[in-house]
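What follows is one structure encoded as C-alpha cells, with my remarks underneath.
The values are calculated or read from the model by the stated rules, or taken from the named source; none is laboratory data. This is a predicted model, so every value here is computed, not measured. Using ideal geometry, Cβ is built from the backbone for each residue, glycine included, and neighbour counts are taken over all protein chains shown.
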Amino acid sequence: MKGLSAKNLLRRAWFAGMVTAGLFIAAMVGFHLGWQQIKKPLLVALTFHGVTEKPSLPWEIHPQKLQDYISQFKRYEYAAVDPASLSNMLNNGFQGRNFLMTFDDGLLTSAATIKTLYRDHGIKSGLFIVMDLLGTPGYVDKEALLDLQNNYGCLIGLHGRRHYEVSKIINEGGNLSSEIEQARTDLSAMLHCIVDWYAYPFGDYNASAVASIASTGVNLAFTIEGADITPGQHRMTMPRVMYLKGAREAGEPAIENWLPPSSSGTGSLTITLSLLVGFLGLSWFAKLLNFVKAFKAAQLREKEA
C-alpha cells in the first residue's frame, strides 16, 4: 500500500468501511432473526391411548417412555398447558413453548396415568371418552370421571357416542348432529358441567362432519393431524400429535419431531451464520484500520513532498 496515493487509499478505506458496516448490520439482523426463531411461540397437543407395561399394539406406550417424553419436554423448556386455560391462550395469544396432554377412549390405564402426571409433575390432562364404552371392562366409569375432574384437574371431553368414524355415520344416513348432541348432553349432566371438547374417532372428519359437530355446541374439536397449534387455528380442526410406535421411522409426524422443535434448529443455524458474518465483518474492520493508517501516512508524505 506504500505505492498508493492518499486518494486511492481513501477510496479503499471508504469501500472497506461500507463492507464492514454491511456485514455487521447483516450479522445483527441475522442474530435477531435466529433468536426469534428459537423463541418462537409454540403449542403442541399430544394424544395417547393405551399406557401399559407390556405394549402390544402400535398406539400403546410403556409408562417409562411416556415419562421420558415429559422429561424431554421439560429439558427443552416446554410448559404443560392446563386444558382449562387453552381457550384463553388461543384467544389472547401465547408465549414460549407449550404442550397439552390428552388421552383418547377413556381407558383405565389412561386414568391411572393422568393421576400420576398430576401427582408427579403437576400436569393436568384432557380425557376424551366414548359413551358406549363407559363402565365396560378396561374403561372408566362415572365415578372415575368425577374423581379425575374434581381431584386431578382433568378436563373431560367427548369422543363420540360410539367409537365410529363420523364420515361413515353421515354416509350411512345417520344423524351425526343428533347423536353427538345427545351424547354431549348426557355427559354434561353426568359431570355437572358443560362438555364442549370433542375428539374425532380415528381422527376422521370432513366438512360436513365439522359443520355437524359445531352445531351441537362443541367449541374445540381435535384431530390427529400431527402438527402444532397456531394462534389462528380453526377451533373445529385442532391438530394433535398421536403417539404411534415407529411413526418417525415411517416418515410420519412423531412426538420426537418437537424435541427439539424445528424452529430451534433453524434458529441455531441462523445465529451460527450470523456469527460467521460478524467475524468476517471483523476482518474487514481490520482492513479498514490498515487503509486509514496507510491513508494518513500517504497524506503526510504528499504534504512533505
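Residues that are within 20 Å of GLY126 (Cα to Cα), surrounded by fewer than 18 Cβ atoms within 10 Å (Cβ to Cβ) and either out of contact with any Ser or Thr (no Cβ under 7 Å at 6 or more places or on another chain) or assigned by TED's automatic domain parsing to the domain that holds MET238 (or both): does the range 203-213 have at least one?
Yes, the range 203-213 contains a residue that is within 20 Å of GLY126 (Cα to Cα), surrounded by fewer than 18 Cβ atoms within 10 Å (Cβ to Cβ) and either out of contact with any Ser or Thr (no Cβ under 7 Å at 6 or more places or on another chain) or assigned by TED's automatic domain parsing to the domain that holds MET238 (or both).
Which of the residues belonging to the range 171-200 are closer than 17 Å to CYS154 by Cβ and either touching a Gly at 6+ places or on another chain (Cβ under 9 Å) or among the small types (Gly, Ala, Ser) (or both)? Even if it seems obvious, please write down each step before you answer.
Residues of the range 171-200 closer than 17 Å to CYS154 by Cβ: 187-188, 190-199.
Those that are closer than 17 Å to CYS154 by Cβ and either touching a Gly at 6+ places or on another chain (Cβ under 9 Å) or among the small types (Gly, Ala, Ser) (or both): LEU187, SER188, ILE194, VAL195, ASP196, TRP197, TYR198, ALA199.
In the range 172-182, what residues are polar (S, T, N, Q) and in a helix (DSSP H, G or I)?
Taking the range 172-182 and keeping what is polar (S, T, N, Q), we get 175, 177-178, 182.
Correct list: SER177, SER178, GLN182.
Can you report the number of residues in the range 183-205 which are assigned to a helix (DSSP H, G or I) and farther than 11 Å from VAL166 by Cα? Walk me through how you get there before you give the answer.
Filtering the range 183-205 for residues assigned to a helix (DSSP H, G or I) gives 183-191, 201-203.
Next, from what is left, pick out any that are farther than 11 Å from VAL166 by Cα: 183-191.
Qualifying residue count, the range 183-205: 9.
Check LYS65, LYS54, LYS40 and return the single one that is under 30 Å from ALA112 (Cβ atoms), part of a loop (DSSP other than H, G, I, E, B) and basic (Lys, Arg). If you could, list the steps in order and put the result at the bottom.
Working: LYS65 fails: part of a loop (DSSP other than H, G, I, E, B); LYS40 fails: under 30 Å from ALA112 (Cβ atoms).
Just one listed residue meets the conditions, LYS54.
Looking at PHE31, PHE48, which is the one that is among the aromatic types (Phe, Trp, Tyr) and not assigned by TED's automatic domain parsing to the domain that holds THR272? Step through it out loud before you land on a result.
Details: PHE31 fails: not assigned by TED's automatic domain parsing to the domain that holds THR272.
Among PHE31, PHE48, only PHE48 is among the aromatic types (Phe, Trp, Tyr) and not assigned by TED's automatic domain parsing to the domain that holds THR272.
Would you mind finding the one in LEU148, LEU117, LEU158, LEU108 that is under 27 Å from SER215 (Cα atoms) and of a type in the set (A, V, I, L, M, F, W, C)?
Values: LEU148 fails: under 27 Å from SER215 (Cα atoms); LEU117 fails: under 27 Å from SER215 (Cα atoms); LEU108 fails: under 27 Å from SER215 (Cα atoms).
When all the criteria are applied, what remains is LEU158.
Identify the single condition in (1) within 23 Å of VAL166 (Cβ to Cβ); (2) surrounded by 14 or more Cβ atoms within 10 Å (Cβ to Cβ); (3) aliphatic (A, V, I, L, M); (4) free of Cβ contacts under 8 Å to residues at least 60 places away in the same chain that ALA254 does not satisfy, given that it satisfies every other one.
(1)
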